[in-house]
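Below is one structure, written out as structure tokens; comments come after it.
The values are calculated or read from the model by the stated rules, or taken from the named source; none is laboratory data. The structure presented is a predicted model; accordingly, all values stated were derived computationally and were not measured. Every residue, glycine among them, receives a Cβ derived from its backbone with ideal geometry; neighbour counts consider all protein chains shown.
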Amino acid sequence: MMGAGKTAVGKALAARLSVPFLDSDAEIEKAANMTIAEIFQRDGERFFRARESEVIDRLLDGPVGILSTGGGAFLSEINRETISAKGVSVWLDADLNLLWSRVKGKSTRPLLRTAQPYETLREIFDARVPIYALADLSVRADARYSIDDMAGRVQAALATRGDVLEGG
């Protein structure tokens, strides 16, 4: 979900593990030389989602690293299957109040540019949580945790998978 810390925690985890950090949205924008919003406006969501799936597949064929995807990417069954086949999906499980505290008042969240942004966030949250719960691993977020705390918790969760981290 937006505000869960995908980018911040992903970057901290990548630094801890000495692996690259990649962001699928940033890679899409770089390839298209357009913002996600511009792609949506010009070509529509279906076009964007198809490119997103291609980029995720390509990035997961590259060197071992941490890949952050946009919040909508995991909603696609194809993307979930690709991620689990080529890596491990991790859900940063933050509750609605924590997410709201991180995203309210920010103009960088186009989905929340509505008359009632909290209600919009709640609707998105309610719709997505059951799908996010399909992730290979789940790490509960808490407002008391620093970015480094969360990165450590994700690292510990990954260590439970013998096929992921060398030496745990």
Inside the range 76-92, can you point out the residues that are under 23 Å from T120 (Cα atoms) and surrounded by fewer than 18 Cβ atoms within 10 Å (Cβ to Cβ)? none
Considering only the range 48-69, I want to know if a residue exists there that is over 19 Å from F125 (Cα atoms), touching a Pro at 6+ places or on another chain (Cβ under 9 Å), surrounded by fewer than 14 Cβ atoms within 10 Å (Cβ to Cβ) and modelled with pLDDT under 90. no
Which condition from (1) free of Cβ contacts under 8 Å to residues at least 24 places away in the same chain; (2) farther than 23 Å from R128 by Cα is the one that A26 breaks? (2)
Keeping to the range 1-26, report how many residues are closer than 18 Å to S76 by Cα and in contact with a helix residue (DSSP H, G or I) (Cβ under 8 Å, 6 or more places away or on another chain). 5
Checked the range 91-144 for anything in contact with a strand residue (DSSP E or B) (Cβ under 7 Å, 6 or more places away or on another chain) and either over 22 Å from E81 (Cα atoms) or of a type in the set (S, T, Y) (or both); matches are Y132, S138, R140, A141
Across the range 121-162, the tally of residues that are in contact (Cβ under 8 Å) with a residue 12 or more places away in the chain and of a type in the set (D, E, K, R) stands at 8
